[in-house]
Each structure stands twice: as structure tokens, then as C-alpha cells.
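What follows draws every value from the coordinates through simple rules; no lab data is involved. The structure presented is a predicted model; accordingly, all values stated were derived computationally and were not measured. Ideal geometry is used to build each Cβ from the backbone, glycine not excepted, and the neighbour counts take in all protein chains shown.
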Amino acid sequence: MTTRSFDKAPSTAPLMLKAVLPAIPVIGGLPGIKHGSSTVPDLVLERRGVGTDPKHLERYNEVCGFARTDTLPATYPHMAAFALHMTLMTDTAFPFAPVGLVHLRNRITQHRPIRIDETFDVSVTAADLRSHPKGRLVDLLTSASVGGEVVWEEVTTLFSRGREGAEEETSPPLASVEAPEGVVQWKLGGDLGRRYAAVSGDRNPIHLYPITAKAFGFPRNIAHGMWTKAHALAALQNRLPDAYTVDVEFQKPILLPGTVVFGSRSDGGVTTFGVTAARKPSTHLVGRISAS
């Protein structure tokens with residue numbers, strides 16, 4: 001396993017350009033640009049001594065709806081890892097071209113809260129390339145450590161549509177979970193994707209403007225999945241334990257602007273939550289929180 005270390009987060013702007021190149025006819029098939037490996041890269045990307053900029057955290061909290069505390073929201077370390085994710089996915093040893101990948105699931109385990117004044121180390125690698133009935137799946141594994149102790153972990157599951165898939169998945173994490181009914185409406189502005197992109201660095205065109213989203217097959221720009229997960233956790237913030245695992249599955253995209261409904265229920269130490277359409281009976285996200 002090769003380890004590549006970064007003193008600071010890689011710039012996401014050139015990485016976004018690099019991500020788009022494989023999708024361009026002719027250019028996408030050139031050596032040094034084409035993806036298509038049958039394995040995951042034998043590579044670990046890491047950043048050490050990552051600190052928290054209070055102003056950036058304040059902007060993140062404002063966009064996602066978190067109340068200010070002396071610890072980081074459980075979704076915030078994803079910000080430190082995102083550029084490493086992009087670096088890994090744009091490496092031609094990665095099995096899929098980034099454009100067209102679907103963020104299908106996300107699992108975060110917070111072993112303990114990370115204080116704002118703590119520095120932490122971030123590590124990212126890819127694993128478990130596997131079949132799906134409609135294509136293939138791969139996981140990005142991320143961890144954050146403080147003083148050598150792993151305090152936070154994330155599994156980002158990506159789906160690539162294709163003809164390779166044949167096998168049914170074994171026990172998808174939220175296969176039998178349905179979104180609870182809710183009464184809390186979220187009215188989301190058309191600029192939400194741009195606001196979240198400004199703090200996260202995730203400037204995927206599908207999130208920014210209707211015209212850029214249409215180029216990738218969407219009628220309008222869509223909300224970031226990780227914003228939706230973060231906003232759901234913000235809605236439950238005063239009920240979250242210090243140590244927990246939160247799984248979500250992203251289902252139908254949220255078109256912007258739009259109105260969605262948030263619902264949750266708790267039973268035996270497990271909280272189930274979901275985001276559904278305000279008018280049509282469809283689910284955007286379903287999630288489950290269990291204490292560690």
C-alpha cells in the first residue's frame with residue numbers, strides 16, 4: 001500500500017476539471033485520462049494536523065443549521081476529507097470516472113466528539129469494489145485520528161451504473177427501513193447548492209445552476225446529499241449521544257428550489273429519520289442513528 005501525504009487540502013477547482021475530462025468524447029479515452037480498472041487503487045491519502053477554522057465552521061453551521069457548540073458536527077470532518085476523496089477518484093487507477101458516479105450511501109461513526117481546538121489526522125482509501133444488480137459499487141473509507149486514536153470514521157458508498165452487475169447485494173444497511181412520516185417542512189432555495197458548495201468545495205455542476213444540471217440529465221440543480229444528511233442531524237442535534245453511528249441512503253434527488261418534509265421516530269435507542277417529498281409520495285433520504 002502506497003501512502004501519499006498532503007500538507008494542506010488539495011485545490012478542488014483543478015480536481016473538478018480533471019473529473020470532467022474522462023466524460024468528454026475522444027479526450028476521455030486518452031492515456032492518462034481514461035479510467036476503467038477492475039481493482040481499487042493500492043493507495044492511502046492522508047493529511048496530518050488538520051485544524052478547524054472557526055469562521056469556516058460558523059459558515060458551515062449556518063448553511064446546515066447546526067447550533068454553535070465547542071465540538072464539531074459529526075458531518076464536519078467530511079469537509080477535511082472531500083479534497084482527498086476527489087484526488088483519489090480522479091486518479092486513473094480508480095475504477096470509475098467521477099462524473100456519473102452516484103453517492104448512494106454514507107455511514108459516519110463518531111466514537112467521540114472532536115473539540116474545535118483539537119487537531120486531527122485524516123486518512124482516505126478505496127475498498128470493496130463489488131457487484132450491484134445495476135452496475136458496481138465501491139467504498140471510500142475515511143478516518144480521523146487524534147493522538148493516534150481513531151475518533152471518527154466514514155464509509156462513502158458510490159454507485160456506477162453499467163452492465164457488469166448481476167448479483168443482488170447482501171444485506172444493504174437500510175434495505176427494510178422506511179422514512180417516518182413528518183410534519184416539519186424544509187423550504188429550500190435555488191441557491192442552496194451554491195451556498196453549500198462555497199463551504200464544502202463540492203462544486204459539482206449538478207448542484208449549482210439549472211443550466212449546468214441539465215447538461216447532466218437533471219431538470220434543475222439538486223441539493224447535495226451530504227447537506228441533506230447534515231441538516232437532518234442538525235434537526236436532531238439536541239438528541240444525539242456523544243458516540244453514535246448514522247447511516248443514510250440517498251434515494252430520489254431533491255430538486256432546487258423545492259419543499260421537502262422531515263420526519264423522525266425513536267425506539268429502543270435507535271432513531272430513524274427521513275426526508276420525503278412534500279407533495280408526491282417519494283423518499284429523498286432515509287437514515288438511522290444508533291448509539292455506539
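With an 8 Å Cα cut-off and a minimum separation of 6 or more residues, compute the relative contact order for the chain in percent.
Worked out over the chain, it gives 18 percent.
In whole angstrom, how long is each semi-axis of the equivalent ellipsoid of the chain, when you take the square root of 5 times every eigenvalue of its Cα gyration tensor and sort them from largest down?
Sorted largest first and rounded, they come to 27, 24, 20 Å.
Once amide H atoms are placed 1.01 Å from N in the peptide plane, what residues at a sequence separation of 5 or more from PHE66, or on another chain, have their amide H within under 5 Å of its amide H?
Excluding prolines and chain starts, which carry no amide H, there are no hits.
Count the net charge of all other residues whose Cβ sits under 14 Å from the Cβ of THR156, scoring Lys and Arg as +1 and Asp and Glu as -1.
-4
What fraction, in whole percent, of alpha-carbon pairs in the stretch 1-55 exceed 14 Å separation?
70 percent
Normalised by the empirical 2.2 N^0.38 Å for globular proteins, what value does the Cα Rg of the stretch 145-220 take?
Rg over 2.2 N^0.38 Å, computed on Cα atoms: 1.59.
By the scheme Lys and Arg +1, Asp and Glu -1, what is the net charge of all other residues having a beta-carbon under 14 Å from that of THR119?
That sum, taken over residues with Cβ under 14 Å, equals -3.
Through the Karplus equation 6.51 cos²θ - 1.76 cosθ + 1.60, θ set to phi - 60°, convert the phi angles of the stretch 132-142 into ³J(HN,Hα) values in whole Hz; use x for Gly and Pro.
Couplings: 9, x, 10, x, 9, 10, 8, 10, 9, 9, 10 Hz.
Along its three principal axes, how long is the stretch 206-276 when you only count alpha carbons? Whole Å, largest extent first please.
Principal-axis extents of the stretch 206-276 (Cα, largest first): 45, 20, 18 Å.
What value, in deg cm²/dmol to 500, does the helix sum -39500 (n - 2.57) over DSSP H runs of n ≥ 4 give at 222 nm once divided by the residues of the chain?
-6000 deg cm²/dmol
Could you tell me what fraction of 2.2 N^0.38 Å the Cα radius of gyration of the stretch 89-131 comes to, as a two-decimal ratio?
1.61
Highest mean first, what order results for 208-217, 75-84 on Cβ atoms within 10 Å?
75-84, 208-217
Given 10 °C and 1.306 mPa s, how large is the Stokes-Einstein diffusion coefficient of the stretch 1-170 in µm²/s, with Rh as the Kirkwood radius over Cα pairs?
In µm²/s, the coefficient rounds to 93.
Percent relative contact order of the stretch 94-221, based on C-alpha pairs within less than 8 angstrom and at least six residues apart?
This gives 20 percent for the stretch 94-221.
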